[in-house]
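Only one structure is covered here, and it is reproduced in the block below.
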Amino acid sequence: MEPSSATPPARPPAAGQPKSAALNWIIIGLVVIGGLVYLAYSRKAAAPNTANGAVNGNSAAILEAANVTGRAAPTWTLRDVNGKPVSLSQFAGHPVVMDFWATWCGPCQIELPWWQQFQKQYASRGLVIVGVSEDLNLNDVRKYLAKTPIDYQIVWDGGSNTLQNSYGTPFGLPTTLFIDRQGKITERVTGLEGKPELDKALHAIL
């Protein structure tokens, strides 16, 4: 007998195939949902935290990291360690130094005595130095100041980096901004700088 040339009937789909396809769709769905949840969380985390103060919304986030010189300093209102509101606007017409620091920052500890010396040395010329604490816990700042008194203005950024972001990122500690009497930033220094260099930057705004 000659072998039959008829096409053999197609095999029925394996029992596991529909389940496998369904499983793939479930995985895809979970990935999409996870992505949406992550996106929503990221947007929430990036939203400014103004619980301790406020930053001028018109000026915030306009200062690029490499291009702050000559820009108007964004206005802000924060609180000192006793809860009293302090605003940049109250120092209008004065040369201002904003020093971002933290109690745990080693290089910051080197600069702090210098700022105290500069504040005393140039107080008669209207200099205002503001130390902006980036500590997460206000009590840490209070304890530090109880042991190491600082005689210039200290404010707390509310445990967030809202104010940092308004002045341009990336940021490091210490970071110092020099603001002239017209409210414009003349220089920004990130990281530990020598005392003579800081003094030179000060003279540019006095």
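Selection of the range 144-173 for residues being among the charged types (D, E, K, R) and within 20 Å of Ile110 (Cβ to Cβ) yields Lys147, Asp151. In the same structural domain as Val86 (by TED's automatic domain parsing), of a type in the set (Val, Ile, Thr) and over 21 Å from Arg71 (Cα atoms): is that true of Ile185 in this structure? No; evaluated as a whole, the condition is false for this residue. Within the range 189-205, the set of residues being surrounded by 16 or more Cβ atoms within 10 Å (Cβ to Cβ) and among the small types (Gly, Ala, Ser) comprises just one member, Ala201. Based on this model, can you work out whether Thr148 counts as over 18 Å from the mean Cα position of the chain (by Cα), surrounded by fewer than 16 Cβ atoms within 10 Å (Cβ to Cβ), in the same structural domain as Trp114 (by TED's automatic domain parsing) and of a type in the set (Val, Ile, Thr)? Yes: the conditions hold for Thr148.
The rows are residues; the columns are (1) of a type outside the set (Lys, Arg); (2) out of contact with any Lys or Arg (no Cβ under 6 Å at 6 or more places or on another chain); (3) over 19 Å from Leu198 (Cα atoms).
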| position | (1), (2), (3) |
| --- | --- |
| Gly93 | yes, no, yes |
| Trp101 | yes, yes, no |
| Ile110 | yes, yes, no |
| Gln116 | yes, yes, no |
| Leu127 | yes, yes, no |
| Lys143 | no, yes, yes |
| Gly158 | yes, yes, yes |
| Asp180 | yes, yes, no |
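Please go through the range 120-164 and pick out each residue that is closer than 21 Å to Val97 by Cβ and among the hydroxyl-bearing types (Ser, Thr, Tyr). The answer is Tyr122, Ser124, Ser133, Tyr144, Thr148, Tyr152, Thr162. Anything in the range 172-192 that is among the acidic types (Asp, Glu) and either part of a loop (DSSP other than H, G, I, E, B) or under 15 Å from Ser89 (Cβ atoms) (or both)? List them, or say none. Listed by number, the list holds a single entry, Asp180.
For the range 196-205, does any single residue satisfy the condition of being in a strand (DSSP E or B), over 21 Å from the mean Cα position of the chain (by Cα), within 23 Å of Arg71 (Cα to Cα) and touching a residue at least 24 places away in the same chain (Cβ under 8 Å)? Checking the range 196-205: not a single residue is in a strand (DSSP E or B), over 21 Å from the mean Cα position of the chain (by Cα), within 23 Å of Arg71 (Cα to Cα) and touching a residue at least 24 places away in the same chain (Cβ under 8 Å).
The values are calculated or read from the model by the stated rules, or taken from the named source; none is laboratory data. Everything quoted here is computed from the prediction, not taken from an experiment. With ideal geometry, Cβ positions are generated from the backbone for all residues, glycine too; neighbour counts draw on all protein chains shown.
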